[in-house]
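Structure first, commentary second.
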Amino acid sequence: MNALAATSRNFRQAARLLGLDSKLEKSLLIPFREIKVECTIPKDDGTLASFVGFRVQHDNARGPMKGGIRYHPEVDPDEVNALAQLMTWKTAVAAVPYGGAKGGIGCSPGDLSRSELERLTRVFTQKIHDLIGTHTDIPAPDMGTNSQTMAWIFDEYSKFHGHSPAVVTGKPIDLGGSLGRDAATGRGVMYATEALLAEYGKSISGSTFVIQGFGNVGSWAAQLIHEKGGKVIALGDVSGTIRNKAGIDVPALMKHRNEGGQLKDFHGAEVMDASELLVHECDVLLPCALGGVLNRENAPDVKAKFIIEAANHPTDPEADEILTKKGVVVLPDIYANAGGVIVSYFEWVQNIQGFMWEEEKVNMELHKYMNSAFQNIKAMCKSQDCNLRMGAFTLGVNRVARATILRGWEA
């Protein structure tokens, strides 16, 4: 099942639990706006190249729309639609005043020079500048984009609308980016893990962890879990899969990787088969990379007691059912990886106020938001008699539905 079908299915289940009016249910699923633009640029060799850029704006009942911009050759409209919709529910679960959006450009960023990427970003911004904005739609980095991409969007947008740092988040610190933004998703994952384990009388300290993915989210989650006394016993990414029963020395691994080393060449662990990673014996499994990695083939063999969905949509609905029957507790992506959008919200607030926060305040506020969201999900699970995924979805959908009704959706 693809991401759009799975997200829509979860939404419909939540709508049924909440007893939503069928017309309202349909209205909440339909995107507010879908934008498609042609972006033609001169390449460094003088030839012209054309790329398709797009933006799906899903819902703005609770506030301006928010979501990443990705640069990837296989940009799938269905997946983007699903991720825009997921952002609507995720921002509502996290109680930040946004709706959902997502977008990008169909290109291979690795094949373009820095100056070509800059030209492409600026042309894309010129095409959509009147459809995004500080109080309309606020992009952020995603796959294939980074803080530099956001800096170019901010600069190009400001040519049309005056100095507007709050038009994008995930900017460089020197241009109004927030301290703590880089670690935000990984730190949010750690706070979510803490909250869930505490519910079962456990803590990160003394628990064993398996982490799939060692990019931004996976590496920060691993470092922070290690600092809290958690034991990361297996870890994998595209450069290799490794394990150490006694616990991997995460700071040493980070040093190895930052010096250009690959996971498989790290001396403090043994290489293992990548296919065994997700079914490795552990207390907590953290999929931090791709979607759809837990499916009906491998779900029966999962040995973890808890799964924290740090990636978007890592568990297929079929795997979800199998894991539930096995008694595995799954903390859904819609909550578990919300740390990034929460700190993006803090960045936006700081830019609007023109008053920047200390990193300690950013982390303290993030902890507060993650804890509060977990308590609200738990309360929803109790009132609706459902699992954590449905608890999170009903919480998010209910908040958006209430905002939509209060604003007068039938007028």
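Structural remarks
- Residue in the range 31-45 that is under 26 Å from Thr404 (Cβ atoms), outside any strand (DSSP E or B) and over 19 Å from the mean Cα position of the chain (by Cα) present: yes
- Glu410 being acidic (Asp, Glu) and modelled with pLDDT of 95 or more: no
- Contact map, the range 249-267: first residue farther than 19 Å from Leu277 by Cα, second residue surrounded by fewer than 16 Cβ atoms within 10 Å (Cβ to Cβ), Cβ cut-off under 6 Å, separation 6 or more or different chains; pairs are Ala252/Gly268.
- Options Ala310, Ala269, Ala289; residue that is within 22 Å of Ser207 (Cα to Cα) and in contact with a Cys (Cβ under 9 Å, 6 or more places away or on another chain): Ala310
- The set of residues in the range 356-374 being more than 18 Å from the chain's Cα centre (by Cα), surrounded by fewer than 17 Cβ atoms within 10 Å (Cβ to Cβ) and in contact (Cβ under 8 Å) with a residue 24 or more places away in the chain consists of Met356, Glu358, Glu359, Ser372.
- For Lys378, the test of being among the charged types (D, E, K, R) and closer than 30 Å to Leu175 by Cα is failed.
- Residue among Gln223, Gln212 that alone is closer than 18 Å to Leu263 by Cβ, buried (at least 24 other Cβ atoms within 10 Å of the Cβ) and in contact with a Pro (Cβ under 8 Å, 6 or more places away or on another chain): Gln212
- Some residue of the range 102-109 being open to solvent by 30 Å² or more (accessible area, probe 1.4 Å) and in a helix (DSSP H, G or I): yes
- In the range 10-32, the residues that are without any contact (Cβ under 8 Å) to a residue 60 or more places away in the chain form Cβ pairs under 6 Å with partners that are open to solvent by less than 70 Å² (accessible area, probe 1.4 Å) and assigned to a loop (DSSP other than H, G, I, E, B), at six or more places apart or across chains, as follows: Pro31/His58.
- Residues of the range 226-236 satisfying the condition of being crowded, with 24+ Cβ neighbours inside 10 Å and outside any strand (DSSP E or B): Gly230
- Number of residues in the range 375-397 that are β-branched (Val, Ile, Thr) and either open to solvent by 10 Å² or more (accessible area, probe 1.4 Å) or part of a loop (DSSP other than H, G, I, E, B) (or both) equals 0.
- Only residues that are open to solvent by 10 Å² or more (accessible area, probe 1.4 Å), touching an Asp or Glu at 6+ places or on another chain (Cβ under 8 Å) and under 17 Å from Lys305 (Cα atoms) were counted across the range 179-206, and they come to 2.
- Hits in the range 62-118 (condition: among the acidic types (Asp, Glu), within 18 Å of Phe51 (Cα to Cα) and out of contact with any strand residue (DSSP E or B) (no Cβ under 7 Å at 6 or more places or on another chain)): Glu74, Asp76, Asp111, Glu118
- When Val123 is tested against (1) out of contact with any helix residue (DSSP H, G or I) (no Cβ under 8 Å at 6 or more places or on another chain); (2) open to solvent by less than 40 Å² (accessible area, probe 1.4 Å); (3) assigned to a loop (DSSP other than H, G, I, E, B), only condition (3) is not met.
- Failed criterion for Tyr71 (all others in (1) in a helix (DSSP H, G or I); (2) within 17 Å of Pro141 (Cβ to Cβ); (3) aromatic (Phe, Trp, Tyr) hold): (1)
- The range 11-27, subset in a helix (DSSP H, G or I) and among the small types (Gly, Ala, Ser), residue surrounded by the fewest Cβ atoms within 10 Å (Cβ to Cβ): Ser22
- Residues within the range 28-47 that are farther than 15 Å from Asp78 by Cβ and either surrounded by 16 or more Cβ atoms within 10 Å (Cβ to Cβ) or acidic (Asp, Glu) (or both), tallied: 9
Conditions tested, residue by residue: (1) at pLDDT 95 or above; (2) part of a helix (DSSP H, G or I).
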site	(1), (2)
Glu116	yes, yes
Lys127	yes, yes
Asp130	yes, no
Gly144	no, no
Thr149	yes, yes
Ser158	yes, yes
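- Apart from one condition, Ser50 fits all of (1) among the small types (Gly, Ala, Ser); (2) assigned to a strand (DSSP E or B); (3) open to solvent by less than 60 Å² (accessible area, probe 1.4 Å); the exception is (3).
- Some residue of the range 149-164 being within 21 Å of the chain's Cα centre (by Cα), among the polar types (S, T, N, Q) and within 14 Å of Asn351 (Cβ to Cβ): no
The values are calculated or read from the model by the stated rules, or taken from the named source; none is laboratory data. This is a predicted model, so every value here is computed, not measured. Positions of Cβ are generated from backbone atoms using ideal geometry, with glycine treated the same way; all protein chains shown enter the neighbour counts. We work out accessible area using only protein heavy atoms, side chains counted, and drop any ligands, DNA or RNA first. Shrake-Rupley method; radii C 1.70, N 1.55, O 1.52, S 1.80 Å.
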